[in-house]
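These notes concern the structure reproduced below.
The values are calculated or read from the model by the stated rules, or taken from the named source; none is laboratory data. Everything numeric here is computed off the predicted structure, so don't read it as measured data. Cβ placement follows ideal geometry from the backbone for every residue including glycine, while neighbour counts extend to all protein chains displayed. Only protein heavy atoms, including side chains, enter the accessible area calculation; ligands, DNA and RNA are left aside. Shrake-Rupley method; radii C 1.70, N 1.55, O 1.52, S 1.80 Å.
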Amino acid sequence: MAYAPVGAPNQVRRWGNLVSGVAWSTIKVPLAIASVRQAHGRPDATVRQLMRLAITWSDNNAALGLWDRLGAPATAAGRTEAVLRDGGDDQTTVPASQIRPPYTPFGQSDWSLTSQASFAAALPCLRGSGPVLALMGQIIPDQSWGIGALHSTIAFKGGWGPGVDGRYLVRQLALVRLPNGARIGLALASIAPDGTFASGIADLTRLARWAVRHIHTTAHSGC
């Protein structure tokens with residue numbers, strides 16, 4: 001796991017030996033923000049519905065619909081990367097073409113936990129993030145595990161999928177309010193010893209509970 005305070009996204013702390021991994025559906029957050037920006041903050045009904053499905057249901061076809069509307073693959077990748085850069089992530093690159101069929105190009109981005117936590121901490125301050133954060137507060141119950149099972153969570157998005165070895169990586173990015181009122185951007189990830197999706201979910205739920213109990217930081221100024 002990794003976290004950074006909202007208002008101080010560069011103050012990242014990390015625990016554990018899982019440093020990075022495939023973004024899977026967590027990358028739909030910057031993708032959706034790129035879609036809001038392309039529409040100058042006023043996406044039409046079609047884009048709003050695609051965003052809702054991509055974020056709240058994690059629908060891959062809806063995410064591909066957003067991707068296609070951002071332009072040619074290189075343009076779509078660049079616009080999604082631009083959101084990451086505005087969020088303080090100067091490391092992550094978004095592939096323009098499919099790396100590992102049948103999975104989406106953007107879903108195979110390699111996103112480190114420190115970069116993801118910093119980005120999550122910057123989310124409230126990012127141009128175009130408002131509608132996406134609202135959707136991240138409406139994730140369907142079947143996907144509300146891990147940090148999504150805790151009342152302190154303001155917004156979150158999960159991602160999961162099998163590696164080339166068949167073992168599942170399960171991860172989440174979130175905006176969380178601590179008991180003292182401070183908000184943090186949080187990144188959680190697990191590859192369970194048995195490699196199953198169910199065990200990964202259980203791991204994330206334990207990690208989330210530990211994080212809320214043990215992470216202590218003061219509130220910062222800013223968004």
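Run down A208, A192 and say which single residue is open to solvent by less than 30 Å² (accessible area, probe 1.4 Å), outside any helix (DSSP H, G or I) and either at pLDDT 95 or above or more than 26 Å from I33 (Cα to Cα) (or both).
A192
Pairing residues of the range 52-79 that are closer than 11 Å to K28 by Cα and without any contact (Cβ under 8 Å) to a residue 12 or more places away in the chain with residues that are surrounded by fewer than 21 Cβ atoms within 10 Å (Cβ to Cβ) and charged (D, E, K, R), at Cβ distances under 8 Å and at least 6 apart in sequence or on separate chains, gives L53/D59. I'd like to check something: does the range 90-109 contain any residue that is buried (at least 24 other Cβ atoms within 10 Å of the Cβ), at pLDDT 95 or above, assigned to a strand (DSSP E or B) and among the aromatic types (F, W, Y)? No, because not a single residue in the range 90-109 is buried (at least 24 other Cβ atoms within 10 Å of the Cβ), at pLDDT 95 or above, assigned to a strand (DSSP E or B) and among the aromatic types (F, W, Y). Listed by first and then second residue, the pairs linking a residue in the range 23-39 that is farther than 14 Å from S109 by Cβ and touching a residue at least 12 places away in the same chain (Cβ under 8 Å) to a residue that is among the β-branched types (V, I, T) and surrounded by fewer than 24 Cβ atoms within 10 Å (Cβ to Cβ), with Cβ atoms under 8 Å apart and 6 or more places separating them unless they lie on different chains, are S35/V47.
Could we say that G65 is out of contact with any strand residue (DSSP E or B) (no Cβ under 6 Å at 6 or more places or on another chain), buried (at least 18 other Cβ atoms within 10 Å of the Cβ) and either on the phi > 0 side of the Ramachandran plot or not in a helix (DSSP H, G or I) (or both) here? No; evaluated as a whole, the condition is false for this residue. Looking at G166, G158, G137, G130, just one residue is open to solvent by less than 30 Å² (accessible area, probe 1.4 Å) and at pLDDT 95 or above, and that residue is G158.
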